[in-house]
Structures are given as C-alpha cells and as structure tokens.
Amino acid sequence: MTTLTRWLFRAAAPLAIVLCAGWYVENTFVRQMPTASLSDFRWYHLAAQHIARGESPYLAEGYLYPPLLACLLTPLAPLDYVTARWVWFLFSHACLLAAAWLIWRHLGAGRMAGVIVAVVWSMGAAAGESLALGQIGPQLTLLLAMAYTLIGRRQGSAIGAGAALKLMPGVLCAILVLRRDRRALFAALASGALLVIIPWVIVACWLTGPKAPLRLDYLAGTPSLLSWSLPSVALRIYEPLRPGRPIPTDWITGNGLQTLRLSANQGLISAGVALVTLAAGCMVLVVVVRGRLTSQQVPLACSAMLALALAASPVCWTHYQVMQYPGAALFLGYAARRKLWRLVGTALTCAMFLYPLPVAVLRSYYLRSNGWPDSPWVMYFWTSIPSIASLVLFGLMARELPEIQTQGHACWRSLSFLLRPIPHRRPYRPPSSHRHKIDGSLAQVIAENEQRRPPSARGVQREDAGVAETIQLRRTETQWQGLGQRPRRDIVYSQGLVPRVSYIEPRAIGRKLQGGGR
C-alpha cells in the first residue's frame, strides 16, 4: 500500500468515527429521550414497586420475566415513573458503550477496530428501539460482550447472568462444552442457578401474591408481525395472509403475549421448527469444529451460536437484534484483519437485513397508506428476511471457524494494518547466564548441547547447509526450564554464531534455516 493511501486511511478513520458517533447520539439519545408515555419499562417498574411493598412481582400483568430483574430494580421503586425511566435510560446507554469498549479492546484497540465498532453501533438501529421501549437489550448486549471477550469463570458468570435475565444467552453453554472448559461451564451453571433460584425463593416464601406468571404458554411462540424468527414465520404461514383479505388478527395482536392463545397445532409447529433449527445448527457447528473448539475460536463460535438462537427462538422481537452487535463487530473485524473484503461486504449486507432495511421499508409502507401493505409477498418477504439473514450470518461464521488456527490472538491483536505497519516482535534472548559463544567445530557444539538438555528432549535434527551447519532444537516449557520458561520457541544454533531464539510457527520447524535466521 502506497504512502498516500495509508495517509488517506489515517485521516478518514477518525472522521468516520466522529460521524458515526454523531449519528449514534442523534438516533439513540436525542430521539429516544424518555417521556411520560407508556413503555415496556412500566411493567419492570411496577413489578419492582410490588416487591418493595412485599408483594409478588407477578401482580404486574405484563411482567413475564424471572423475578431477578424486578429484584434488581427495587432501588428505582421509590422514584416516579419518568425519573426511574431516565435512570434506566442512562444506565442502558452505559451498558451499550461498555460493550462497545470491550469489543474495541478485543479487536486490538486500533483505528480500524474503532471504525468497525462505530459503524455497527451507529447503523444497527435496533438499539434505538430497545432504548425507546425500556427493554433489557442493552444489558444483555453487555453481558454477551463479556461472554465473548472474557475467559474462565468470568466468562461463565456472564453467560449465567444473561441466562437468568433471559433464557436465550444460555445457549452459549454449548460453546463451553465444545471448548471443554469445565471452570467456565461450572461458573455459568452455578451463577445462573443461583440468580434464578434465590429470587424465586424470596417470591415464594416472603412475598404475597402469585408465585409465577399466570400463563406460561406464551413461550410457545407468536405469529406477530414484530417477531422475526423462523417459528414465527411458520406460524404466519400456518395462518396465511390471503390477497384481498385483511391481515389475520393474531398477526396484529400477537405482541400481547399475556392475551395470545395458540392452538395445539400452532404450539407443535412453533416448537418443532425451533428445535429442528437449533439442533441442525448445533450439528453443523460440531461437524465444522470436529467436536472441539480452541480458545481462539470461542468468540466467533459464541457469535454464531447467538445468531442461530435468535433465528430459532419461538419469540424474537425486532429489538432483540441489538444483541447481535458484539458478534457482528467481531466477525467484521476478523474478516477485515484477513483482508477478506467479499466476506466483509456479505456480512454488512446480512447485518443490514437483520433490522435497518426491513424496518425502513415496512415503516415507509405504513406511513404511506396508514396501514400494513396488502400484498402477502411484501409482508412475508420483509418479515422473514431477518431470520434468514441471521442464519446466513451463522453459516458464514461457522465456515470461518476452521481457519482460526492456534495463532494466539494474532488475528485480533491489531486491525490497524491499513493505517500503520504491524510491529515485529523482538526476538527473545535468554538471560546472560545461559548465553555462550560457540567456537570450534560442529561436533563440539553438539556435545555441549547433549550435556545441557534433559534426557526427555532427544532427537536433534541436523541439516547440511553447505558452509553453515544448522541444528534446530525445539523445546517446550517443561522440557527445558533453563531458557527462561518460554514455551514453543525454536532455538537455532549455527556454527560460529551466538544462539538466538526465533518466533517460528510449529508447522515451519522442519524448514531449512540458513545462517541462524528465521
């Protein structure tokens, strides 16, 4: 890349970040400022007030969540609705920005990483709807970003907390099983169980009123136009929209889950489509990774699993797509780092079909005719394409998983390759007590090496290279503690040269090295 092109990228990146930040503030803050109008948050606030008075949160008719959320919101119970909504609104923004910061750091904290995160957060548009409704999407987005970027018990705790608030993040436990990460899996199961059981024990033993929601059949699914998942698409096909006839009632009123009544056949169809989609996707993932994930594959695998879960969920409201922000940014960062520009374009196209484009088209139809379009094909296409785009994203992410080899975090270390050269590592030099000059013949060098290495490290490879005889010794952390405990390094000895350590990939160990170089 020429100096001029590199300079143009350096100048354009901050400008793009500033423009995206301005649009994010306009779309998610200025336009969505809380008012006294009713929203989904009113049920959270009402449930918290019931708990503060010693009553069950399920006295609030529209509260359909586990009791954990209502317990966490009890500090807002003394506040009036507008003030409490402002506090929740600002806290939701803080969660979104914290999630963006985690993904930006994981992608390398460079200019290109900043551009990618800024584009996803500003152009995704689903955050605006979630903030306007007062939903818990931003909080789940932060927990998912933590699950993608953290490791060990902290990763498992983030997954467990997300599953306690809403069941969907619990599917990431399958990734921990494929990773064989017992600590993270135990942390996820333990934290999720505690965060579900303890609030429910409080409701059952110390609070008066219903101990659970009056109805649980709303989990079976809905044919609502605002639910963009494959089970909802199947229910809309089962109860079709015919040309020249009005839209079925359940398509319009299906967003009120507390009043929706599905028939037995509809429940079986929704559950069957959900289970088949989730099972088929999990089988594809297992086959692609051959039954085991590496630590470098976990972030992308988690993103793929969440995209699959959103497509297979019986209920997937439009604003749920905000939870795809971290995964979309990670995938775009991976593709950009490897200069897979077609993959970048395909991923961006899928991301546009997840929420921004269908919402813009349907909104334009609704505003133009003061109602939904009469064409069945228009309605079926624009309410079905988001779930298809989510499945395509899952397939693209799963296809790239085998390409992520054991390269540490090299793919994520820096996304500024277009803006600045990636710095080279300084070769490791052993402490002075382990350095020695090599003088004399090659036989003397071999004899010294035979005395220094332990009996378990045998099998020196010799290569005749003309004037320079090169011997490559591969040691691991447990085989040779005398070299500063640096694992997986290649120590190259050449006649007449000081030994040096090169950072060579394991696959290149058998490559002939001349004169002690790489």
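The values are calculated or read from the model by the stated rules, or taken from the named source; none is laboratory data. The shown structure was predicted, so the numbers you read here are calculated from the model rather than taken from an experiment. Please note: Cβ atoms are built from the backbone with ideal geometry, for glycine as well, and neighbour counts cover all protein chains shown.
Below are the figures for this structure:
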{"item": "Number of positions in the range 346-363 that are of a type in the set (G, A, S) and touching a residue at least 12 places away in the same chain (Cβ under 8 Å)", "result": "2"}
{"item": "Number of positions in the range 366-400 that are surrounded by 17 or more Cβ atoms within 10 Å (Cβ to Cβ) and among the aromatic types (F, W, Y)", "result": "3"}
{"item": "Any chance E61 is in the same structural domain as P210 (by TED's automatic domain parsing), exposed (fewer than 15 other Cβ atoms within 10 Å of the Cβ) and not in a helix (DSSP H, G or I)", "result": "yes"}
{"item": "Test for V87: is it closer than 26 Å to L144 by Cα, aliphatic (A, V, I, L, M) and modelled with pLDDT of 95 or more", "result": "yes"}
{"item": "Checklist (1) more than 23 Å from the chain's Cα centre (by Cα); (2) surrounded by 15 or more Cβ atoms within 10 Å (Cβ to Cβ); (3) under 30 Å from V196 (Cα atoms) applied to Q32, failing item", "result": "(3)"}
{"item": "Residue among A280, A301 that is of a type in the set (A, V, I, L, M, F, W, C), assigned to a helix (DSSP H, G or I) and either at pLDDT below 95 or surrounded by 21 or more Cβ atoms within 10 Å (Cβ to Cβ) (or both)", "result": "A301"}
{"item": "Residue match in the range 61-72 (condition: within 30 Å of V344 (Cα to Cα) and out of contact with any His (no Cβ under 6 Å at 6 or more places or on another chain))", "result": "no"}
{"item": "Flag for V82 being more than 28 Å from the chain's Cα centre (by Cα), part of a helix (DSSP H, G or I) and surrounded by fewer than 17 Cβ atoms within 10 Å (Cβ to Cβ)", "result": "yes"}
{"item": "Residue under evaluation G128, criteria (1) surrounded by fewer than 21 Cβ atoms within 10 Å (Cβ to Cβ); (2) free of Cβ contacts under 8 Å to residues at least 60 places away in the same chain; (3) over 21 Å from A304 (Cα atoms), criterion not met", "result": "(2)"}
{"item": "A98 over 30 Å from V201 (Cα atoms), surrounded by fewer than 17 Cβ atoms within 10 Å (Cβ to Cβ) and touching a residue at least 12 places away in the same chain (Cβ under 8 Å)", "result": "yes"}
{"item": "Which listed residue is in the same structural domain as L216 (by TED's automatic domain parsing), within 20 Å of A164 (Cβ to Cβ) and of a type in the set (S, T, N, Q), from T35, T83, T74", "result": "T74"}
